[in-house]
Amino acid sequence: MTTKDPVLQVKGLKVSFFTDDGEVPAVDDIDFYVKEGEVLGIVGESGCGKSVTSLSVMGLIPSPPGKITGGEIKLNGEELTTASEKRMRKIRGNDVAMIFQEPMTSLNPLFTIGSQLMDATLIHKKGDKKQAKKRAIEMLKLVGLGRAEELMNEYPHQLSGGMRQRVMIAMAMVCDPKLLIADEPTTALDVTIQAQILKLMKRLNEELNTAIMLITHDLGVVAETCERVVVMYAGKVVENGLAVDIFKDPQHPYTRGLIQSVPDMRYKKQRLYSIPGNVPRPGSIKKGCRFAARCEFAFERCLQEDPPLYKTAEGHSTRCFLFDDTKEDTLHDKDTTIATS
Amino acid sequence: MTKTQPLLQVENLKKHFPVRGGVLGKQVGNVKAVDGVSFTVNKGETLGIVGESGCGKSTTGRMLLRLIESTEGKVVFDGKEVTALSQNELRKLRRDMQMVFQDPFASLNPRHTVGKILEEPLKVHGIGSSAERKKRVKELLETVGLSSYHAKRYPHQFSGGQRQRIGIARALMTRPKLIIADEPVSALDVSIQSQVLNLMQDLQKEFGLTYIVIAHDLGVVRHISDRVGVMYLGKMVELTTSEKLYDKPLHPYTQALLSAVPVPDPLFKKDSIVLQGDIPSPSNPPPGCTFHTRCPFKMDVCEKKVPQMLEHEEGHYAACHLYTEEKQGASQNKEMVGGGAV
Ligand SMILES: Nc1ncnc2c1ncn2[C@@H]1O[C@H](COP(=O)(O)OP(=O)(O)OP(=O)(O)O)[C@@H](O)[C@H]1O
Ligand SMILES: Nc1ncnc2c1ncn2[C@@H]1O[C@H](COP(=O)(O)OP(=O)(O)OP(=O)(O)O)[C@@H](O)[C@H]1O
Ligand SMILES: [Mg+2]
Ligand SMILES: [Mg+2]
């Protein structure tokens, strides 16, 4: 398993938006990779840069005002940040496809579901209209839309949110991409269909060896679907590791806060835990750890220096000074604080 | 106790959308998006509505506000029959009844600044001076965890979660009595989600707000709701307090729903009831109980007779033949089913 090559390798990626108020660094120096055939989960606070990261991979950052200001994105070894728009059009849909967070914005309200699905096939694959139609119906059925033939002639507004999302997944999968980026693919869906969709994605992952980058805020979904997890906060990766390790031993105080905020269906709490404070405005924190202002463990150093990612175990790393092993006393501190909370 | 006085009464509400086909676009059938839903909501309570994608939750929510007109049925809000109001009266009523929409992007005007979007409902209802309105915009941006500088920005400059908070702030602007929140936190990550849920609860206590919360996340629904209604294919199939629903779900669909909730623990092995088959088309719903095509406990009667919503225990309603007298024989099933969830 460890011998699999990364399909996607992102290094030092920086993306900024240039607005009236100046530069907004939405993604600030992030590293991660997706190995062939694996399911990687990306979780993090709303606005932390997850969608911007995936749009960068797709070459879809609106420019202006957006711009990739540094770093590299390698898909099967090919550098994408410098690829031409023509090349990117070829890559999109064929090698990497994306399911968007808001299906209504990516489905054209003026065209039928059928024509949009067929277009997706016709653009990339050889084959005539008849084959494209057959494939479109096949895909609609594959994602659990029973009345596929009827749906071909319907318009996006006639579908429920969940049905639209399944159409999006069908559209993303028509060309058998190597990497599927799914940005909150199941947030609009109820759980039984979510379970079906996640199972469907897992099946596509296993049978077709499609690597999946799954962006979600649902830690339950991550726990059930992903092998590895990247936790992002304010444009940075703050923790990454195997899903089992992250849930068993969440290290970054932010990750711990996230896990505690989940309403547990199995019993009712009067009040949910919530991390105090708000996400900082991108670029507003000039020095120190970006989570420091909201962190109950923060100490002087956190306000002064930007913590690096510390490797805390095999395949598990955390961007937090509590895990700086070079200092005996901090290490000691860490053990007691974390254990008692 | 004022809590038991119904603020909203919904009776046999239906929405059938015409299905058009052929070259002439003639009506060839109906999508029975909502097909006879009844419930009440008491003052100060939160009613959760959950159910399969496409089962008619949003359509139900929109009909309550008459954002779409119902085909049949009656909605009574605060003693007024909403379904019979003139457009003018309806506009006044909307001050007391607000909606938070499912798709935060589609519901915010992209050409307006957030400040303008938030001020709009106050202007429409002629509330406050310009300065007062601006002040309230700032106040509410902060209440929902944004900052006053965001008022100058446009919707596309926000992330999905941030946009949803703008939608919530907008609904709160006129200090309504009832808020219908359609998936209010589904676009939010858990930490903001818990803030928004706590915020909704605080506002409820402070202003005596009443909520209808439509959501697919059963953890969220359980947390925030006093009672929960479960919908399937345009119908309500179970309705009870959130404790009873989670402790002892009666309808097999509810049981499957509960068991499909993902648990944030990769090592947790759960007994999920995997539903077979597709959701039937609402333009051609199965006869009898509409769930029979996917139900693991289907009996002969289920294909023929529509089960009525009956009170099986105090305050616990379900529409399922497994629990009707004529089907005493099936009662052993019940125990087995009840234990299967989660
Ligand atoms: N067009 C834009 N102009 C200015 N800022 C932008 C633009 N698009 C995104 N941003 C900013 O970039 C940051 C990252 O946004 P992004 O959409 O990637 O967040 P996200 O992690 O996907 O959040 P969510 O979970 O809410 O979807 C946010 O602070 C957002 O305000
Ligand atoms: N304008 C319309 N014309 C025709 N059919 C419609 C229209 N609006 C909704 N429908 C249909 O009505 C049914 C219910 O839709 P609705 O949006 O209420 O579902 P929902 O329960 O909110 O689903 P989701 O959880 O996916 O948001 C669906 O089958 C949908 O296709
Ligand atoms: Mg996003
Ligand atoms: Mg809906």
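Name every residue in the range A:296-313 that is assigned to a loop (DSSP other than H, G, I, E, B) and either within 24 Å of the chain's Cα centre (by Cα) or farther than 21 Å from residue B:145 by Cα (or both), in order of residue number. Matches in the range A:296-313: A:297, A:298, A:299, A:305, A:306, A:307, A:308, A:309.
Among the residues in the range B:235-246, are any in contact (Cβ under 8 Å) with a residue 12 or more places away in the chain, part of a helix (DSSP H, G or I) and surrounded by 24 or more Cβ atoms within 10 Å (Cβ to Cβ)? Yes, the range B:235-246 contains at least one residue that is in contact (Cβ under 8 Å) with a residue 12 or more places away in the chain, part of a helix (DSSP H, G or I) and surrounded by 24 or more Cβ atoms within 10 Å (Cβ to Cβ).
Can you tell me which residue is farthest from residue B:114 (Cα to Cα) among those in the range B:138-160 that are part of a helix (DSSP H, G or I), away from ligand 2 (no atom under 16 Å from the Cβ) and in contact (Cβ under 8 Å) with a residue 24 or more places away in the chain? Residue satisfying both the conditions and the ranking: B:143. With respect to the stated conditions, residue A:127 is out of contact with any Gly (no Cβ under 9 Å at 6 or more places or on another chain), surrounded by fewer than 21 Cβ atoms within 10 Å (Cβ to Cβ), over 30 Å from residue A:235 (Cα atoms) and of a type outside the set (Ser, Thr, Tyr).
The set of residues from the range A:35-65 being of a type in the set (D, E, K, R) and closer than 17 Å to residue A:212 by Cβ comprises A:35, A:36, A:38, A:50. Going residue by residue through the range B:45-56, is there one that turns out to be within 16 Å of ligand 3 (Cβ to nearest atom), modelled with pLDDT under 90 and of a type in the set (A, V, I, L, M, F, W, C)? Looking for residues that are within 16 Å of ligand 3 (Cβ to nearest atom), modelled with pLDDT under 90 and of a type in the set (A, V, I, L, M, F, W, C), one finds none in the range B:45-56, hence no. Condition first: within 13 Å of chain B (Cβ to nearest Cβ), among the acidic types (Asp, Glu) and either farther than 15 Å from residue B:261 by Cβ or away from ligand 2 (no atom under 16 Å from the Cβ) (or both). Now tell me which residues in the range A:171-224 satisfy that. Answer for the range A:171-224, where residues must be within 13 Å of chain B (Cβ to nearest Cβ), among the acidic types (Asp, Glu) and either farther than 15 Å from residue B:261 by Cβ or away from ligand 2 (no atom under 16 Å from the Cβ) (or both): A:183, A:184, A:224. Applying the criterion of being part of a helix (DSSP H, G or I) and more than 10 Å from chain A (Cβ to nearest Cβ) to the residues of the range B:195-231, the residue that is nearest to residue B:40 (Cα to Cα) is B:204.
The residues in the range B:273-289 that are in contact with a strand residue (DSSP E or B) (Cβ under 9 Å, 6 or more places away or on another chain) and either at pLDDT 95 or above or away from chain A (no Cβ under 14 Å) (or both) can be counted, and the count is 1.
Listed here are the residues, each with its yes/no results for (1) of a type in the set (Ser, Thr, Tyr); (2) assigned by TED's automatic domain parsing to the domain that holds residue A:63; (3) under 21 Å from residue A:194 (Cα atoms).
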site: A:83; (1), (2), (3): no, yes, no
site: A:88; (1), (2), (3): no, yes, no
site: A:119; (1), (2), (3): no, no, no
site: A:123; (1), (2), (3): no, no, no
site: A:127; (1), (2), (3): no, no, no
site: A:130; (1), (2), (3): no, no, no
site: A:140; (1), (2), (3): no, no, yes
site: A:144; (1), (2), (3): no, no, yes
site: A:149; (1), (2), (3): no, no, no
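The sole residue among A:93, A:49, A:77 that is away from ligand 4 (no atom under 16 Å from the Cβ) and either in contact with a strand residue (DSSP E or B) (Cβ under 7 Å, 6 or more places away or on another chain) or of a type in the set (S, T, N, Q) (or both) is A:49. Tell me yes or no: at least one residue of the range B:161-180 is within 16 Å of ligand 2 (Cβ to nearest atom) and of a type outside the set (S, T, N, Q). The answer is yes; a qualifying residue exists. Against the list (1) within 14 Å of chain B (Cβ to nearest Cβ); (2) in contact with a Phe, Trp or Tyr (Cβ under 9 Å, 6 or more places away or on another chain), the condition residue A:50 fails is (2).
So that you can scan it fast, the table gives a plain yes or no per residue for (1) modelled with pLDDT under 80; (2) assigned to a helix (DSSP H, G or I); (3) closer than 30 Å to residue B:249 by Cα:
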{"position": "A:264", "(1), (2), (3)": "yes, no, yes"}
{"position": "A:268", "(1), (2), (3)": "yes, no, yes"}
{"position": "A:278", "(1), (2), (3)": "yes, no, no"}
{"position": "A:289", "(1), (2), (3)": "no, no, no"}
{"position": "A:293", "(1), (2), (3)": "no, yes, no"}
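The residues of the range A:185-221 that are within 27 Å of residue B:101 (Cβ to Cβ), in contact with a Gly (Cβ under 7 Å, 6 or more places away or on another chain) and assigned to a loop (DSSP other than H, G, I, E, B), listed by number, are A:188, A:189, A:190, A:216.
Each residue in the range B:275-316 was checked for being within 30 Å of residue A:243 (Cβ to Cβ) and surrounded by fewer than 13 Cβ atoms within 10 Å (Cβ to Cβ), and 1 of them qualify. What about residue B:121, is it in a helix (DSSP H, G or I) and open to solvent by 10 Å² or more (accessible area, probe 1.4 Å)? Yes. Of note, residue A:286 does not satisfy the criterion of being within 12 Å of another protein chain (Cβ to nearest Cβ) and open to solvent by 10 Å² or more (accessible area, probe 1.4 Å).
Is there a residue in the range A:5-21 that is out of contact with any Ser or Thr (no Cβ under 8 Å at 6 or more places or on another chain), more than 21 Å from residue A:217 (Cα to Cα) and within 16 Å of ligand 3 (Cβ to nearest atom)? Yes, because at least one residue in the range A:5-21 is out of contact with any Ser or Thr (no Cβ under 8 Å at 6 or more places or on another chain), more than 21 Å from residue A:217 (Cα to Cα) and within 16 Å of ligand 3 (Cβ to nearest atom). In summary, strands (runs of 3 or more DSSP E) completely within the range B:1-71 and bearing 3 or more residues that are in contact (Cβ under 8 Å) with a residue 60 or more places away in the chain and open to solvent by 30 Å² or more (accessible area, probe 1.4 Å) occur at B:6-21, B:26-42. If you go through the range A:79-100 and keep only what is of a type in the set (D, E, K, R) and open to solvent by less than 60 Å² (accessible area, probe 1.4 Å), you end up with A:79, A:92, A:95.
The values are calculated or read from the model by the stated rules, or taken from the named source; none is laboratory data. Bear in mind that the values here come from a model prediction, so they are computed numbers and not experimental data. Reconstructed Cβ throughout: ideal geometry from the backbone, glycine too, with neighbour counts over all protein chains shown. Accessible surface areas use protein heavy atoms only, side chains included; no ligands, DNA or RNA. Shrake-Rupley method; radii C 1.70, N 1.55, O 1.52, S 1.80 Å.
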